[in-house]
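Input: a single structure, listed below in structure tokens.
The numbers here are math on the coordinates, done by the rules we state, and not lab data. Just so it is clear, the structure is predicted and the values come from calculations on it, not from any experiment. When we count neighbours, we look across all protein chains shown, and the Cβ atoms used for this are built from the backbone with ideal geometry, even at glycine.
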Amino acid sequence: MSHHSDQKRVWDLIDSIKFAMLVTHDGQGDELRARPMHAHGRREEDAIYFLTDRRHDKDDEIQINDNVCLAFADTGGQRYLSVTGTATVLDDRDRVHALWEVGNEAFWDGEDDPNIRVLRVRPSSAEFWDSPGKIVTSVKMAAAALTGSKPKLGENRKVAL
């Protein structure tokens, strides 16, 4: 596969999985913290956006150390993606309005809530594991166990972004 098609595959996985565990440094040392976030991939901007709340620790953690990891998982489809990049917290009201969805009302009073911030991640690299799906993977694993061979369970690639 070409480098360009691998990059496209990364962005397609971001768009289709949509939720990632955002991993940051705790701000006090080398400990890591992860929390689920709704990703909005914008490949034309080379950025992944999230809505975040300025009252939570992740904003402070990112200010101390902007290196983050995003872990995407579609366990039903046996598709996984890890993205490494740098994060920035922005007070961008236009972007908040562009990313706003009705479900966000569970976290904020509305899209004009002054506590909402935009978290932008600029990806530098990614790694994906993409299999043909749970049923096909199960069949291939069973066949490999019977024949003593190693199953080909999909593709795994490291991609520079």
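So the values come out like this:
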| quantity | calculated |
| --- | --- |
| Backbone HN-Hα couplings from phi across the range 36-45 [Karplus 6.51/-1.76/1.60, Hz, Gly and Pro as x] | x, 9, 8, 8, 10, x, 10, 4, 5, 9 |
| Fewest-first sequence of 83, 102 by Cβ atoms within 10 Å of each Cβ | 102, 83 |
| Whole-angstrom gap from the range 1-22 to the range 52-66, using each part's C-alpha centre | 25 |
| Residue-by-residue Karplus 3J(HN,Hα) for the range 12-25, coefficients 6.51, -1.76, 1.60, Hz, glycine and proline x | 5, 5, 4, 5, 8, 7, 6, 10, 9, 8, 8, 10, 10, 7 |
| Calculated from backbone phi, Karplus (6.51, -1.76, 1.60) coupling profile of the range 122-127 in Hz, x at Gly/Pro | 9, x, 10, 7, 8, 9 |
| Neighbour-count ranking [beta-carbon atoms within 10 angstrom, fewest first] of 97, 40 | 97, 40 |
| Interchain or long-range residues, amide H under 5 Å from residue 92's placed H | 118 |
| Loop sites in the range 83-124: GluC sites (Glu not before Pro), DSSP, at most 13 other Cβ within 10 Å | 101 |
| Loop GluC sites (Glu not before Pro), the range 3-88 (other Cβ atoms within 10 Å of the site Cβ: 14 or fewer; DSSP) | 31 |
| The range 53-126: trypsin sites (Lys or Arg not before Pro) falling in loop per DSSP and having at most 16 other Cβ within 10 Å | 54, 55 |
| Amide H contacts under 5 Å for residue 19, placed H, 5+ residues apart | 39 |
| Ranked list, fewest to most other Cβ atoms within 10 Å of each Cβ, for 91, 59 | 91, 59 |
| Given (1) 33, 17, 15; (2) 30, 23, 14; (3) 25, 18, 15, the label whose value is semi-axes √(5λ) of the Cα gyration tensor in Å derived from this model | (1) |
| Cα gyration tensor shape for the range 8-95, rounded if a/c is under 1.5, else prolate or oblate | oblate |
